[in-house]
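Have a look at the structure below, then the notes.
The values are calculated or read from the model by the stated rules, or taken from the named source; none is laboratory data. No experiment lies behind these values; they were computed from the predicted model shown. Positions of Cβ are generated from backbone atoms using ideal geometry, with glycine treated the same way; all protein chains shown enter the neighbour counts.
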Amino acid sequence: MMEELTSERIAVVIPCYRVERHIAHVIEGIPAFISLIVAVDDACPNRSAAVIQNLRDPRVVLVEHAKNQGVGGAMISGYQECLRRGADIIIKMDGDGQMNPAHLPDLIGPLVAGNADYTKGNRWHDSANLTKMPRVRRIGNLGLSFLTKLASGQWNIFDPCNGYTAIHAHALRQLSLEHVARDYFFEISVLVELGISGAVVRDVPMAAIYGEETSSLRIGRILRSFPRRLMASFVRRVWGRHFIREFGPVGLFLASGSVLFGLGGLFGAWAWIESLLSDVPATSGTVMLSALPLLAGFQLLLQALVMDISAQPQHRRAGADQPWQPEIATLAFPAESTATLYTDAEERKPAKLAA
């Protein structure tokens, strides 16, 4: 049994929005080694909170948002409540029943063993299960996975939007949560922040469950916003990791390679336009003056990419298991949040949480 293998307190956070048909079944299926279940009602217009209040599981804590904040906002509220209650490992499960609780031991195993700071599900390890995934999701995941690898520096992961995740408390406290997205970009932005902090991320093979639930994630929304946000995340991650935290060969190669590549490209474009307008072919020397910095810059950028991949941390940082000092906590409710915490499983008496 898992409770015999670890003394760490394990919690589950469930963001709840229009999951009133599934949430009771999800909570009832969470095994006994989970000591805390934080359900965050993200201003659900239906009966999600009422269904949760009717459950008689003493592990359940209900946090209610007065205003919808998105899945990321709900998770940040849930993360804070779990830390406040002393959780060591915090799992994210959706309330729609897509995540099989039988995978929980595999998900938290690397965290308990000290081999990872963050784990996430990967539905791509078993090709037979891929046929159960909607075709649009499969196609979108292929491109999105590579762009996420580039943006986050987590080159050994796949299926980046998989929301079945677990994080150790020490890694959670290192995240800059003001940069974590409040909407469906949440999982990717967490991976980016983990990349900046040097956390170790591991994939855990698992199959997803697709039933009658309806996803509110729209392909058009992804195509409009994700590429721009991935580019911004890439710049933030590279600047923070390779220039601010630990300036080294990667930063040097990126800077010099970008300058050489840019100068070569600009000079080549200028020479080509001048040749086109004057109808005089460019000399071999002019071509070489453009080609040499262009090729040298490309080689430096390629080398920076290779070194970025090899620089991915494989071991947890020394001192990661040191006791947390509360004064350095960065987690906080968004300023506009008002949450109600139900702590008594029998009477459900509300106690207001300070924002």
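When VAL12, VAL60, VAL19, VAL71 are screened for being surrounded by fewer than 23 Cβ atoms within 10 Å (Cβ to Cβ) and under 15 Å from GLY95 (Cα atoms), only VAL60 passes. Examine the range 64-71 for a residue that is among the small types (Gly, Ala, Ser) and over 11 Å from CYS16 (Cβ atoms), and state whether such a residue exists. The answer is yes; a qualifying residue exists. Scanning the range 1-23 for residues that are modelled with pLDDT under 95 and among the small types (Gly, Ala, Ser) turns up just one, SER7. For the range 34-57, the criterion of being surrounded by fewer than 24 Cβ atoms within 10 Å (Cβ to Cβ), of a type in the set (D, E, K, R) and either in contact (Cβ under 8 Å) with a residue 60 or more places away in the chain or not assigned by TED's automatic domain parsing to the domain that holds ALA171 (or both) is satisfied by at least one residue.
Could we say that THR330 is surrounded by 13 or more Cβ atoms within 10 Å (Cβ to Cβ), modelled with pLDDT under 90 and on the phi < 0 side of the Ramachandran plot here? No; evaluated as a whole, the condition is false for this residue. In the range 199-243, the residue that is modelled with the lowest pLDDT out of those that are in a loop (DSSP other than H, G, I, E, B) and touching a strand residue (DSSP E or B) at 6+ places or on another chain (Cβ under 8 Å) is ALA208.
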